[in-house]
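The values are calculated or read from the model by the stated rules, or taken from the named source; none is laboratory data. Just so you know, these numbers come straight off a predicted model, no measurement behind them. Virtual Cβ from ideal backbone geometry, glycine too; neighbours counted across all protein chains shown.
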Amino acid sequence: MRPVWTLCAKLSGLAFAASLASCADSAESGTQPDAEQEVWQKPDVPAFPRAEGYGARSKGGRGGRIIRVTTLADSGPGSLRDCIETLGPRVCVFRVSGLIRFTGAPPRIRHPFITIAGESAPGEGITLAHGGGSVGRTPLVIKNTNDVIVRHLRIRNDRVGDERGSEDGITIENSSHVIIDHVSASWARDELVNGFGNNNFITISNSLFSWGIPKHDKCALLASDPERPQHFSFLGNLCAHNGDRNPDINFPPLSCVEVVNNVFYNAQSEFAEVWESYGGTPVAIVGNTFIAGPDTKSNAIGIVRQRIASTGPARVFVADNDFIGKFLLKDHDLAEITLDRPDCPLTVAPASPQAAYARVLAMAGAFPRDALDRQVLVTAQVPDGLDSVDQTIAVSLSTSSGTVSAEAFAAVAESVAGGTGVDDQLLRSGGWALPAWAMYAGVLAIGMGLVVLLVALVPRPTPAPSAADRVVSYTARTGGTAEHETPRLDTEQAIAQAKDAAAQVLRRTKGLEATIARRLEGAGSELKPAEWLLVHAGIVVVAGIFGLLLGAGNIILGLVFILLGVAGPWVYLGMRRSRRRKAFNAGLPDTLQLISGSLSAGLSLAQSVDTVVREGPEPISTEFRRVLVETRLGVTIEDALEGLAERFDSKDFEWVVMAIRIQRQVGGNLAELLDTVAGTMREREYVRRQVNALAAEGKLSAWVLGLLPPLFMVYLLLTNYDYVSVMFTEPLGILMMVGAGLWLAVGVFWMSRLVKVEV
């Protein structure tokens, strides 16, 4: 239907007033102008063979220059950036393969009529990544342009930049006639593909969007902040391992949106989301497969009607979709906006969801597929008549050198016994009182359960599995049914939810998160701040339960142990951090001597650092390995060394870094400089040890006087509880305990300050 405003514009002369009135009436009735003055037509010549959807008429770089990309460098002659920024119709073909990491601001496709032919790359194809830092955001941006075709590229957001939290994999902004086809995108901290502003005639097809980075892991935001209707096709794509927005559909009326023959796997909370914040989305959702995975919550929803800030009902045509697994298929109020036929005719003939599923798993993503894209779910049909709960599953993989086979004993069904297992008589009775031993046994069981949970939360290093082990593990993981795996997945899900809750708490107090992160790094712990918070909370609970058991239910003793549980982990972490810092500072002079010797032998500073990694003691070798990795990722060696000094809060190493910076700026013999610094450190360490020997008596006195009263109180609690119970049951006794604790803390503090001498 032709937009009303174009008709209004053709009226003239004496009908001017009437035209204004007619336009005003149409605006009040909710009619909106189209984004462009053209109606989609099936192209006579598609952009490329099998091009489909509303973007199929895109010209791309057809008939233009062939520009060869001959380098993986960020910029310069022969770079992808050079081709993107060239004016006029052009086709970017690749004569190299590998990773293009944009070290500056990634290039924006802003000049029209371009085809980026990733399929022309030899070998393993082309991967794009951002450069990190303040410019490390979205690697592929299409903005304020038209007629763009991008095919067979991989987008892997691999760096932690200053603004990493807001990056996408692909962004299409205020552009028209765009095709994204056979593209793979992963590891974005926002949407893997994002449509923004007034786009029109867009096709995203045959692509693989996977493994977004929590906590904002989204597959596709097809439109955001649109002002005008759009034509948008989302065809034959695979969204896997993303929390929600699989995809997010939020368009104004008069749009034509089709989501056809896609596969959506392992969404955590929502799959497809239909919004109404721009007046109500018209969309056809046809022939898709929605599959629950290990991260999918039981209350997740396949097709969600999002009514937040709704300004008008959506118009949804839903047909021939498969929903597999345990989750809610559709919103309960989706039927209110469901149509019998789509608002706009589909541009493609939908295949069955079964046929589309097989095609998507075989064809989605950039080719040749890399290791990440090859992690595709393998399914097998259970033969008729098989009623066993467990079975041996065999997998055979063909290779150039032969066939690799592996077997695994896996669950294929779950045996569910009928009945609740609860005596009805007990349910009908008024209950019964637990004996004292049962109460203590229950408290003990809870405590042991928390200990097991804490052990499960602590990450443990695992050796790299062999190829055969990976095949066996993969077979065991994919061979069983979802029902049999539910208990294990529920446990993992509960732990993941607990970590998410802890992370949300830390986000509200960023200072606490930063403090915990610094302490953990300084202590050499592999725990994340959220995991540490959960472990700390568990220790507090276990300590409180132990205090209650020890005191036979005494609340005061329970509170004392809770306080010990609060302070103990911090003290332990501080001690571990201090011990690690001392070991670092103690080995620093020898390390500088080793670097100096390497420099004198003609090695570079980076090579000298590598020598320390191979020959240095712990924790110096581990931390210098991190420095070496950071330099290989693009960080300057001075900045990496400065980060090391900050992690250990080492004044000595800060001097070293300052000396290196000065030498790099003004020149000089760095080997001689490091020799001098190492000698100075040895002299300071000698003086420091003399001071520590003189202050050892005072420090020991502080420890003895500080620990003796609490230990003596614990001894009395264990041996003669009645003698000291008055200190916890009577108000005066409680007041005396609080006062004694405060005076003891003040005394220990002042004694520690008196014997602490800085050298």
| query | Does region 13-36 contain any residue that is modelled with pLDDT of 95 or more and aromatic (F, W, Y)? | reply | no
| note | Quick count over region 170-203, residues being of a type in the set (D, E) and either crowded, with 24+ Cβ neighbours inside 10 Å or in contact with a Cys (Cβ under 6 Å, 6 or more places away or on another chain) (or both), is 2
| Hits in region 692-738 (condition: exposed (fewer than 11 other Cβ atoms within 10 Å of the Cβ) and among the aromatic types (F, W, Y)) | Y723
| query | What is the number of the single condition among (1) farther than 30 Å from A583 by Cα; (2) modelled with pLDDT of 80 or more that L707 does not meet? | reply | (1)
| task | Restricting attention to region 41-91, report how many residues are among the charged types (D, E, K, R) and farther than 30 Å from A284 by Cβ. | result | 7
| query | Which residue out of N288, N250 is surrounded by 24 or more Cβ atoms within 10 Å (Cβ to Cβ) and within 20 Å of E52 (Cα to Cα)? | reply | N288
| field | Qualifying positions in region 212-247 - part of a strand (DSSP E or B) and buried (at least 24 other Cβ atoms within 10 Å of the Cβ) | value | K218, C219, A220, H231, F232, S233, F234, L235, L238, C239, A240
| Meets criteria (among the basic types (K, R) and exposed (fewer than 15 other Cβ atoms within 10 Å of the Cβ)) for R579 | yes
| request: Go through the residues of region 307-322 one by one and say whether even a single one is outside any loop (DSSP other than H, G, I, E, B), touching a strand residue (DSSP E or B) at 6+ places or on another chain (Cβ under 8 Å), modelled with pLDDT of 90 or more and within 30 Å of R154 (Cβ to Cβ). | output: yes
| query | Any residue in region 169-179 that is among the acidic types (D, E), over 24 Å from K59 (Cβ atoms) and either modelled with pLDDT under 95 or under 25 Å from the mean Cα position of the chain (by Cα) (or both)? | reply | no
| query | Would you call G123 surrounded by fewer than 18 Cβ atoms within 10 Å (Cβ to Cβ), within 33 Å of the chain's Cα centre (by Cα) and either basic (K, R) or at pLDDT below 90 (or both)? | reply | yes
| query | Which members of region 57-77 meet the condition of being within 20 Å of V141 (Cα to Cα) and part of a loop (DSSP other than H, G, I, E, B)? | reply | S58, K59, G60, G61, L72, A73, D74, S75, G76
| Is it true that A188 is closer than 30 Å to C344 by Cα and either out of contact with any strand residue (DSSP E or B) (no Cβ under 8 Å at 6 or more places or on another chain) or in a loop (DSSP other than H, G, I, E, B) (or both)? | no
| task | Out of N262, N206, report the one residue that is within 21 Å of A292 (Cβ to Cβ), surrounded by 24 or more Cβ atoms within 10 Å (Cβ to Cβ), in contact with a helix residue (DSSP H, G or I) (Cβ under 9 Å, 6 or more places away or on another chain) and of a type outside the set (F, W, Y). | result | N262
| request: Considering only region 301-340, state which residues are in contact with a Ser or Thr (Cβ under 9 Å, 6 or more places away or on another chain), among the hydrophobic types (A, V, I, L, M, F, W, C) and loosely packed, with under 15 Cβ neighbours inside 10 Å. | output: I308, A309
| field | Subset of region 266-301 [among the hydroxyl-bearing types (S, T, Y) and at pLDDT below 85] | value | S269, S298
| query | Any idea which residue in region 674-691 is surrounded by the most Cβ atoms within 10 Å (Cβ to Cβ), counting only those that are under 19 Å from T591 (Cβ atoms) and either in contact with a strand residue (DSSP E or B) (Cβ under 9 Å, 6 or more places away or on another chain) or among the hydrophobic types (A, V, I, L, M, F, W, C) (or both)? | reply | L674
| Got a sec? Which of R614, R647 is of a type in the set (K, R) and crowded, with 18+ Cβ neighbours inside 10 Å? | R647
| field | All positions within region 341-372 that are among the hydrophobic types (A, V, I, L, M, F, W, C), buried (at least 16 other Cβ atoms within 10 Å of the Cβ) and assigned to a helix (DSSP H, G or I) | value | A356, V360, L361
| said: Just to be sure I understand the filter: pairs with C-beta atoms under 6 Å, separated by 6 or more residues or on different chains, first member in region 675-693 and on the phi < 0 side of the Ramachandran plot and of a type in the set (D, E), second member assigned to a helix (DSSP H, G or I) and surrounded by 13 or more Cβ atoms within 10 Å (Cβ to Cβ). Which pairs pass? | reply: D675/S596
| query | So V571 clears everything in (1) of a type in the set (V, I, T); (2) assigned to a helix (DSSP H, G or I); (3) surrounded by 13 or more Cβ atoms within 10 Å (Cβ to Cβ) except one condition, right? Which one? | reply | (3)
| Can you tell which of A640, A586 is at pLDDT below 80 and assigned to a helix (DSSP H, G or I)? | A586
| task | Using the structure shown, decide if A659 is small (G, A, S) and under 29 Å from M751 (Cα atoms). | result | no
| request: Name the one entry in V656, V635 that is in contact with a helix residue (DSSP H, G or I) (Cβ under 9 Å, 6 or more places away or on another chain), modelled with pLDDT of 80 or more and not in a helix (DSSP H, G or I). | output: V635
